[in-house]
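**Student:** A single structure is presented below for examination.
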Amino acid sequence: MPKIIYELSDGSTRTIEANAGDNVMQVAMSHDIAGILGRCGGFCNCGTCHVYVDAQWADQLPEPAFDEDALLSESAAERQPGSRLGCQVIVTEALDGITVTIPERQEFD
Amino acid sequence: MTAQAAIDVPVIPPLDPALFVDVDLYSQEIKADPSPWFLQWADKPPFYVMIHGRPNAVICRHEQVKWALSDHETISAIPQPGWGADYLDYFNGLPVLLEVDPPEHTRLRRLMQPAFTPRRVSQFQLGINQQVAALIETLAAKNEFDMMTEFAQPLVYRLLLGTVFEFPEKDWSIFTNLSHALELVATVPLGAPKPAAYMEAFNAGMKYCGDLIELRRREPKDDLISSIVAQHDEGGIITTEELFTTLIQLFAGGLGTVSGTLGLSMLRLCRHPDQLKLLQDDPSLLNSALEECLRIDSLGNFRHRHVARDCVVDGVPIYRGMLVHMSMGAANYDPDFYPEPNKFDIKRNPRDISTFGHGLHFCIGNAFARAVLRAGIGQLVQRFPNIRLADPSEKIIYGGMPTERMPLNIKLRVD
Ligand code: HEM
Ligand code: FES
């Protein structure tokens with residue numbers, strides 16, 4: 001069971017045991033982790049599941065596909081090198097311990 | 001569309017009579033207050049209803065609604081002539097985003113997505129706030145006004161046609177006529193031609209778009225229309241029909257939904273003065289309050305789709321050729337997700353509501369709609385500490401599409 005470590009915008013950390021094949025948005029939503037909205041349900045259609053993947057893990061992920069890339073360029077929080085849409089990051093055993101930081105916002109208000 | 005010789009209307013096998021519910025999903029009673037039905041249905045398996053002589057399945061549980069909205073290979077968005085949805089052909093057969101599956105859906109959605117991302121919407125926010133403030137000042141001079149005809153509708157017309165599309169005011173009627181005409185579609189008998197007023201409005205819109213493409217090619221501007229034209233032109237020259245299709249779905253998708261939701265939210269708050277007061281005393285509750293308004297009063301009670309292959313949902317067989325009504329409204333009352341679903345609690349901050357759909361067709365305008373709600377409701381309740389229903393016993397009439405709860409008359413007092 002790969003672990004996902006979420007660093008929240010208030011500075012706290014949550015570690016969740018996920019199943020291989022789960023995605024980072026879905027696991028956050030089902031564990032009530034604040035700061036990820038996942039409005040479209042994981043279809044690369046809303047851009048409200050933005051996370052910053054720590055550099056050591058980011059390099060191991062496949063490159064973002066066209067729609068993910070387009071949404072990241074338009075996200076509410078600034079796009080950074082490790083920026084990904086959580087719903088497109090699928091955890092595997094090899095990613096055990098993947099650490100993601102939740103941005104301060106997913107939408108403007 | 002005319003029926004062709006080759007149309008394929010599957011024969012539906014006999015259905016268990018015990019699974020039929022005798023209810024008119026489009027009735028005024030359900031529009032006025034669907035909660036008694038939703039409370040009954042939200043933790044139950046699907047059931048059947050007869051609509052226009054054909055059996056439809058109705059899916060209500062949160063997880064099942066989400067599944068049905070996202071498994072397009074089983075539950076397809078593509079209308080099939082004769083399957084029982086002809087009366088819901090609002091767009092006269094145009095290839096709208098809502099009525100296509102991947103891969104076509106992916107292609108079309110990419111053309112529109114850039115217009116309504118969170119970042120784009122944030123650029124409209126200042127304009128939205130200013131329009132709301134200006135409108136509220138004209139209303140402040142009165143003691144009483146109608147939330148729908150004097151606030152929500154003019155506001156959303158202005159925002160979509162002015163702030164978003166940047167059309168000159170003299171041209172707005174082309175689109176406002178069209179949006180009224182859409183409601184006529186469901187009023188004609190099955191198989192009858194579209195009403196004349198509808199066709200007239202439709203053709204006027206088409207002509208306007210043809211002229212607009214010409215105009216933008218001659219005099220390009222830095223606006224949404226130019227960017228839509230440019231997105232299309234990358235993969236081949238945009239046709240009048242494509243621009244018209246894009247604009248009409250943005251307009252039709254945004255106008256009634258946003259104004260209706262403004263109305264439903266204000267009505268809900270006025271009917272719960274304790275919650276209204278809570279919000280007025282603590283404006284930081286605004287986002288949570290609006291999510292709760294969106295949850296408890298989904299503008300759309302149902303969305304429909306077409307069953308492309310047989311399946312069984314929670315023990316209930318659903319056959320190819322049937323229509324499915326998925327109830328976003330009922331999913332928002334699923335007690336597994338929202339304890340005490342009938343309780344309006346602005347501190348609930350509900351997650352994963354179904355009001356804007358789910359999955360592939362998830363509402364493209366949801367961030368824009370939320371921005372307008374924040375400005376509209378936020379400013380009204382702060383500017384008018386005494387805002388309330390002028391006559392709490394007045395009967396609210398609901399219009400809009402058959403599946404929608406569009407309030408038509410909400411008189412408010414603010415003195
Ligand atoms: C509170 C306001 C709104 C509500 C309740 C709402 C609701 C919905 C729902 C439930 C869907 C999914 C329908 C389905 O899956 O069959 C949807 C899709 C859509 N909405 Fe909205 N909407 C709102 C505002 C807007 C706005 C402001 C716009 C544009 C300006 C818009 C444009 C669209 C479009 C184009 C789609 C089709 C997306 C697709 O098929 O991929 N909506 N909306
Ligand atoms: S949940 Fe919508 S893009 Fe990830």
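**Student:** Hey, can you tell me all the residues within the stretch A:86-109 that are away from every other protein chain (no Cβ under 12 Å) and either part of a helix (DSSP H, G or I) or open to solvent by less than 30 Å² (accessible area, probe 1.4 Å) (or both)?
**Tutor:** A:G86, A:Q88, A:V89, A:V91, A:E93, A:A94, A:L95, A:G97, A:I98, A:T99, A:V100, A:I102 - these are the residues of the stretch A:86-109 that are away from every other protein chain (no Cβ under 12 Å) and either part of a helix (DSSP H, G or I) or open to solvent by less than 30 Å² (accessible area, probe 1.4 Å) (or both).
**Student:** Among the residues of the stretch B:381-392, is any of a type outside the set (A, V, I, L, M), within 30 Å of B:A133 (Cβ to Cβ) and within 14 Å of another protein chain (Cβ to nearest Cβ)?
**Tutor:** No: the stretch B:381-392 contains no residue that is of a type outside the set (A, V, I, L, M), within 30 Å of B:A133 (Cβ to Cβ) and within 14 Å of another protein chain (Cβ to nearest Cβ).
**Student:** Answer yes or no: is there a residue in the stretch A:37-48 that is aromatic (F, W, Y) and either in contact with an Asp or Glu (Cβ under 6 Å, 6 or more places away or on another chain) or touching a residue at least 40 places away in the same chain (Cβ under 8 Å) (or both).
**Tutor:** yes
**Student:** Filter the stretch B:357-372 down to the residues that are at negative phi, near ligand 1 (Cβ under 7 Å from one of its atoms) and more than 7 Å from chain A (Cβ to nearest Cβ) and list them by number.
**Tutor:** B:H361, B:C363, B:I364, B:G365, B:F368, B:A369, listed by residue number.
**Student:** To continue, here is another question. Could we say that B:T138 is within 20 Å of B:S226 (Cα to Cα) and more than 16 Å from ligand 2 (Cβ to nearest atom) here?
**Tutor:** Details: within 20 Å of B:S226 (Cα to Cα): no; more than 16 Å from ligand 2 (Cβ to nearest atom): yes.
No: the conditions fail for B:T138.
**Student:** Hey, another quick one. Hey, can you tell me all the residues within the stretch B:12-36 that are under 15 Å from B:H52 (Cβ atoms), more than 19 Å from the chain's Cα centre (by Cα) and open to solvent by less than 50 Å² (accessible area, probe 1.4 Å)?
**Tutor:** B:I12, B:V23
**Student:** Go through the stretch B:336-356 and count every residue that is within 16 Å of ligand 1 (Cβ to nearest atom) and either open to solvent by less than 20 Å² (accessible area, probe 1.4 Å) or small (G, A, S) (or both).
**Tutor:** Residues in the stretch B:336-356 being within 16 Å of ligand 1 (Cβ to nearest atom) and either open to solvent by less than 20 Å² (accessible area, probe 1.4 Å) or small (G, A, S) (or both): 3 in total.
**Student:** Here is a further query. Of A:E78, A:E93, A:E63, A:E68, which residue is more than 16 Å from ligand 1 (Cβ to nearest atom), acidic (D, E) and in contact with a Cys (Cβ under 8 Å, 6 or more places away or on another chain)? Give the steps one after another, and end with the answer.
**Tutor:** Values: A:E78 fails: in contact with a Cys (Cβ under 8 Å, 6 or more places away or on another chain); A:E93 fails: in contact with a Cys (Cβ under 8 Å, 6 or more places away or on another chain); A:E63 fails: in contact with a Cys (Cβ under 8 Å, 6 or more places away or on another chain).
Matching residue, one of A:E78, A:E93, A:E63, A:E68: A:E68.
**Student:** Give the residue that is surrounded by the most Cβ atoms within 10 Å (Cβ to Cβ), with candidates limited to residues of the stretch A:3-49 that are of a type in the set (S, T, Y) and within 14 Å of chain B (Cβ to nearest Cβ). Talk me through it step by step, then tell me what you get.
**Tutor:** Applying the first criterion (of a type in the set (S, T, Y)) to the stretch A:3-49 yields A:6, A:9, A:12-13, A:15, A:30, A:48.
Add one more test, that the residue is within 14 Å of chain B (Cβ to nearest Cβ), and what stays is A:30, A:48.
Details: A:S30: 13, A:T48: 23.
Taking the candidates together, the pick is A:T48.
**Student:** Go through the stretch B:37-64 and give me each residue that's outside any loop (DSSP other than H, G, I, E, B) and either touching a Gly at 6+ places or on another chain (Cβ under 9 Å) or aromatic (F, W, Y) (or both).
**Tutor:** Passing the criteria: B:W37, B:F38, B:W41, B:F47, B:Y48, B:I51, B:R54, B:P55, B:N56.
**Student:** Let me ask another. Kindly check whether there is at least one residue in the stretch A:54-72 that is in a strand (DSSP E or B), touching a strand residue (DSSP E or B) at 6+ places or on another chain (Cβ under 9 Å), more than 13 Å from ligand 2 (Cβ to nearest atom) and over 17 Å from B:S70 (Cβ atoms).
**Tutor:** Checked against the condition, which is being in a strand (DSSP E or B), touching a strand residue (DSSP E or B) at 6+ places or on another chain (Cβ under 9 Å), more than 13 Å from ligand 2 (Cβ to nearest atom) and over 17 Å from B:S70 (Cβ atoms), the stretch A:54-72 yields no hits at all.
**Student:** Can you confirm whether the stretch B:370-387 contains a residue that is open to solvent by 10 Å² or more (accessible area, probe 1.4 Å) and within 16 Å of ligand 2 (Cβ to nearest atom)?
**Tutor:** Yes, some residue in the stretch B:370-387 is open to solvent by 10 Å² or more (accessible area, probe 1.4 Å) and within 16 Å of ligand 2 (Cβ to nearest atom).
**Student:** Also, I was wondering about something else. Can you report the number of residues in the stretch B:268-315 which are free of Cβ contacts under 8 Å to residues at least 40 places away in the same chain and under 23 Å from B:P392 (Cβ atoms)? Outline the logic, then answer.
**Tutor:** Keep residues of the stretch B:268-315 that are free of Cβ contacts under 8 Å to residues at least 40 places away in the same chain, which gives B:274, B:277, B:281-282, B:284, B:310, B:312.
Next, only the ones that are under 23 Å from B:P392 (Cβ atoms) stay: B:274, B:277, B:281.
The total comes to 3.
The values are calculated or read from the model by the stated rules, or taken from the named source; none is laboratory data. No experiment lies behind these values; they were computed from the predicted model shown. Cβ atoms come from the backbone with ideal geometry, glycine included; neighbour counts cover every protein chain shown. Side chains included, ligands, DNA and RNA excluded: accessible areas come from the protein's heavy atoms. Shrake-Rupley method; radii C 1.70, N 1.55, O 1.52, S 1.80 Å.
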